[in-house]
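Trainee: First the structure, which I've put down as structure tokens, then a few questions once you've had a look.
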Amino acid sequence: MELSETIYHLLINAGMSLIGFLICLNIIPKFSEMFMRANLSGMDLSKKSKIRIPEAMGVICGAVFLVIMFLFIPVPFYKHLADPTNAKFPHHEYIEYIAALLSICCMIFLGFADDVLALKWRHKLWLPTMASLPLLMVYFVNFNSTIIIVPKPFRALFGFDVNLGLFYYLYMGMLAVFCTNAINIFSGVNGLETGQSFIIAVSVLIFNFLELLGDCRAAHVFSAYFMLPYTAVCAALLYHNWYDPKNDKVGMSFTRFKTSELKPLGYLCLRVFNLFGVVHIRERVGEDGAYTECNNLTLICLVLKFLGPLHERTLVIVLLSLQVMCSCVAFGIRYQLAKMFYDV
């Protein structure tokens with residue numbers, strides 16, 4: 001595919017994504033009442049205001065995203081669809097597209113089920129693994145390349161490349177579990193999950209555009225086809241999920257447990273964290289005996305530990321700024337540090 005044709009397809013995708021953004025921006029408030037009537041709502045914890053707000057609104061954006069991707073299907077393949085013989089139809093590319101949509105559908109279902117059913121963590125580990133199987137099967141049929149290039153410092157031991165075989169697919173399945181749960185864990189403040197997703201999506205798009213003239217252009221174009229609509233619908237959800245200006249400051253959340261239930265290794269870890277000022281520990285005696293309280297070991301509480309109670313807006317901005325810094329570090333590793341380990 002020529003570069004001009006690629007840009008033409010991306011512009012069409014961007015136009016459809018813009019329309020999807022406007023649709024999401026308009027329909028999310030209209031669906032809020034429907035979700036409230038279905039009891040898909042909750043209250044912000046540790047807030048003075050006890051107003052119920054709708055939950056699981058991400059499924060609306062997920063539905064709009066899928067509609068955009070379904071309507072976009074003919075665009076990359078229009079030349080082949082116009083050919084009555086379909087002699088040169090790129091079936092492998094078409095199957096990759098459909099398999100990716102199938103995996104995304106499974107992930108959207110998982111997210112909605114989690115909001116509605118409050119799934120246990122063991123379910124959140126297995127379901128993403130199952131959802132990644134269509135992509136892994138398509139990769140196995142189309143490519144089945146499990147060879148990785150060994151970094152320069154280790155080539156004397158392992159050679160130039162290593163064939164991981166089954167371990168490659170195991171790693172990819174575990175990566176799907178990590179990616180889906182990484183954002184799910186980093187939550188608790190309005191706008192944080194959606195904002196983090198938006199920043200990561202923009203970072204991936206920047207990487208795709210930087211590599212359009214590289215050797216793997218087809219792969220990055222394929223990625224951009226999915227990331228443009230995702231970024232658009234994510235921006236619409238972020239607009240409605242942003243902080244409430246009426247909310248007060250947010251402080252650290254604490255976990256309370258009986259001191260006798262703490263294992264020696266856990267006790268040691270807490271003491272080490274306390275030594276470096278990472279956690280705040282309070283030991284008290286109650287009716288049930290001695291108990292220990294410490295702030296939750298999350299990145300949110302770590303920021304609040306060093307910066308003190310913050311307004312929700314300030315806290316979200318600080319955490320999202322940290323995400324931007326992490327993306328910048330990732331680009332530094334890819335384009336600068338990688339030169340020390342690979343021939344790039």
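The values are calculated or read from the model by the stated rules, or taken from the named source; none is laboratory data. What you see is a predicted model; the values in this text were computed from it and never measured. Cβ: placed from backbone, ideal geometry, glycine included. Neighbour counts: every protein chain shown.
Trainee: So how many residues does the stretch 179-215 have that are closer than 11 Å to residue 323 by Cβ and among the aromatic types (Phe, Trp, Tyr)?
Mentor: Matching residues across the stretch 179-215 total 2.
Trainee: Just checking, does the stretch 200-213 include any residue being exposed (fewer than 13 other Cβ atoms within 10 Å of the Cβ) and at pLDDT below 90?
Mentor: The answer is yes; a qualifying residue exists.
Trainee: Go through the residues of the stretch 301-309 one by one and say whether even a single one is touching a residue at least 40 places away in the same chain (Cβ under 8 Å), surrounded by 15 or more Cβ atoms within 10 Å (Cβ to Cβ), in a helix (DSSP H, G or I) and not assigned by TED's automatic domain parsing to the domain that holds residue 185.
Mentor: Yes, some residue in the stretch 301-309 is touching a residue at least 40 places away in the same chain (Cβ under 8 Å), surrounded by 15 or more Cβ atoms within 10 Å (Cβ to Cβ), in a helix (DSSP H, G or I) and not assigned by TED's automatic domain parsing to the domain that holds residue 185.
Okay, residues lined up against (1) loosely packed, with under 12 Cβ neighbours inside 10 Å; (2) touching a residue at least 40 places away in the same chain (Cβ under 8 Å):
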{"residue": "239", "(1), (2)": "no, yes"}
{"residue": "256", "(1), (2)": "yes, no"}
{"residue": "274", "(1), (2)": "no, no"}
{"residue": "281", "(1), (2)": "no, no"}
{"residue": "285", "(1), (2)": "yes, no"}
{"residue": "288", "(1), (2)": "yes, no"}
{"residue": "292", "(1), (2)": "no, no"}
{"residue": "296", "(1), (2)": "no, yes"}
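Trainee: Is at least one residue of the stretch 152-170 under 19 Å from the mean Cα position of the chain (by Cα) and either in a loop (DSSP other than H, G, I, E, B) or of a type in the set (Phe, Trp, Tyr) (or both)?
Mentor: no
Trainee: Here is a follow-up. Just to check your reading of the model, which residue among 119, 125 is more than 30 Å from residue 91 (Cβ to Cβ) and without any contact (Cβ under 8 Å) to a residue 24 or more places away in the chain?
Mentor: It is 119.
Trainee: Does the stretch 45-63 hold any residues that are aliphatic (A, V, I, L, M), farther than 16 Å from residue 116 by Cα and modelled with pLDDT of 80 or more, and which are they?
Mentor: Scanning the stretch 45-63 gives a single hit, 63.
Trainee: Restricting to the stretch 262-300, name every residue that is basic (Lys, Arg), farther than 29 Å from residue 318 by Cβ and part of a strand (DSSP E or B).
Mentor: If the condition is that a residue be basic (Lys, Arg), farther than 29 Å from residue 318 by Cβ and part of a strand (DSSP E or B), then 284 is the only one that fits.
Trainee: Please specify each residue of the stretch 114-153 satisfying the condition of being closer than 30 Å to residue 39 by Cβ and among the aromatic types (Phe, Trp, Tyr).
Mentor: Of everything in the stretch 114-153, those that are closer than 30 Å to residue 39 by Cβ and among the aromatic types (Phe, Trp, Tyr) turn out to be 121, 126.
Trainee: How many residues does the stretch 74-129 contain that are touching a Leu at 6+ places or on another chain (Cβ under 9 Å) and outside any helix (DSSP H, G or I)?
Mentor: Total meeting the criteria: 3.
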